[in-house]
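Inspection log for the structure reproduced underneath, given as structure tokens.
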Amino acid sequence: MSRSQATVDLAAIRHNAGVLRDAAPGTELCAVVKAHGYGHGEVAAAHAAIQGGATILGVARVVEGCRLRNAGLDVPIWVFSEPEEREFDDAVDADLQPAVYSLAAVEAAGEAAARSATGMSVHLKIDTGMHRVGAALDDAAALARRVDEHPSLVLGSVWTHLAVADDPAASSTEIQLDRFDIAVASIEAAGIDVARTHAANSAGAHAWPRAHRDVVRCGISLYGLAP
Ligand SMILES: *Cc1c(COP(=O)(O)O)cnc(C)c1O
């Protein structure tokens, strides 16, 4: 039987977090540690990224967020996919901050959060062109209003995901950001305060200053790879 072993240099992750801080000055860094920290071990990677300046952790699923909480990580943890309705209780218990983009999820989040003393922040995701997941532009203001109407929910941010930010010339990234601006403006025009917005992944942090906004969400660059 042959065995292979990978050695992870946590000082490098710490250093890379600092480089990303410098690449997107004035923003917060959300260290993306989904998929076991891209295979590096999510708990150790999270600690190293926080030492390097990250203030938020990002994961894809509620179970991943719970694992980080159970390991003692105490910074805000964002969940990028909208949880199943039955998962919101776990999200509240572990003090996670999930994405929402459907009315059903907003209602489920509101009910789960109402059972807790602390309430819950949720992050409204807008589909600006990846044709994957997120609220349609036309639905953004109504969804934000429903979040606002739930006394136990806080609209933590409004965000989107860029499809091809690794291409610095892609006009589709400009179009996505234009759409995102329209969605945010529509929410603000409805009288709802948008505390924070974010759009950039690693490629966006490096190549799209226009995408920096309040937070950059970086995975691949944290682990030393070019996007
Ligand atoms: C995975 C992920 C990221 C990180 O993307 P990288 O290209 O690895 O930096 C950022 N945001 C969301 C929503 C993600 O799912």
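The range 64-94 and the range 170-227 have their alpha-carbon centroids 23 Å apart.
Taking Cα centre as origin and charging only the Cβ of basic (Lys, Arg, +1) and acidic (Asp, Glu, -1) residues, the dipole magnitude of the chain rounds to 660 debye. Measure off, as a whole percent, the carbon and sulfur share of the 1.4 Å-probe accessible area of the range 84-151, all protein chains present. Carbon and sulfur: 43 percent of the exposed surface of the range 84-151.
Contact order for the chain, expressed relative to its length and based on alpha carbon pairs under 8 Å spaced 6+ residues apart, stands at 19 percent. When only alpha carbons are used to place a centre, the range 117-145 and the range 26-62 end up 23 Å from one another.
Once the 1.4 Å probe is applied to the protein heavy atoms, the range 3-63 comes out at 49 Å² accessible per residue.
Comparing GLN97, GLN176, GLN51 in a Gaussian network model of the chain (Cα springs below 10 Å), the most mobile by mean-square fluctuation is GLN51. Using the Karplus relation 6.51 cos²θ - 1.76 cosθ + 1.60 with θ = phi - 60°, the per-residue 3J(HN,Hα) values for the range 185-200 come to 5, 5, 5, 5, 5, 7, x, 9, 6, 9, 5, 8, 10, 7, 9, 8 Hz, with x marking Gly and Pro. Farthest toward the positive end of the dipole of the chain, out of ILE126, VAL43, THR173, is the Cα of VAL43, where the dipole comes from beta carbon charges about the Cα centre. Here the chain carries DSSP beta bridges of which approximately 0% are antiparallel, counting only pairs with both residues inside. Among THR128, THR118, THR197, which one shows the highest mean-square fluctuation when the chain is modelled as a Gaussian network with alpha-carbon springs under 10 Å? Sorting by GNM fluctuation, first place goes to THR118.
May I ask you to list the residues of the range 53-76 whose amide nitrogen lies under 16 Å from a point 7 Å from Cα along the Cα→beta-carbon direction of ASP90? Residues passing the 16 Å test: 59-71. Packing, as the average of other Cβ atoms within 10 Å across residues, places the peptides 159-166, 186-193 in the order 159-166, 186-193, highest first. A simple spin-label model places the labels of ARG210 and VAL75 2.9 nm from each other, with each point 7 Å out along Cα-to-Cβ. Taking 20 Å as the cut-off, the amide N atoms of the range 18-41 that come nearer than this to a point 7 Å along the Cα-to-beta-carbon line of GLN5 belong to 39-41.
The values are calculated or read from the model by the stated rules, or taken from the named source; none is laboratory data. Nothing here was measured: the structure is a model prediction, and the numbers come from that model. Methodologically, a virtual Cβ is constructed for each residue, glycine included, from the backbone with ideal geometry; neighbour enumeration extends over all protein chains shown. These accessible areas exclude ligands, DNA and RNA; they are computed on the full protein's heavy atoms, side chains included. Shrake-Rupley method; radii C 1.70, N 1.55, O 1.52, S 1.80 Å.
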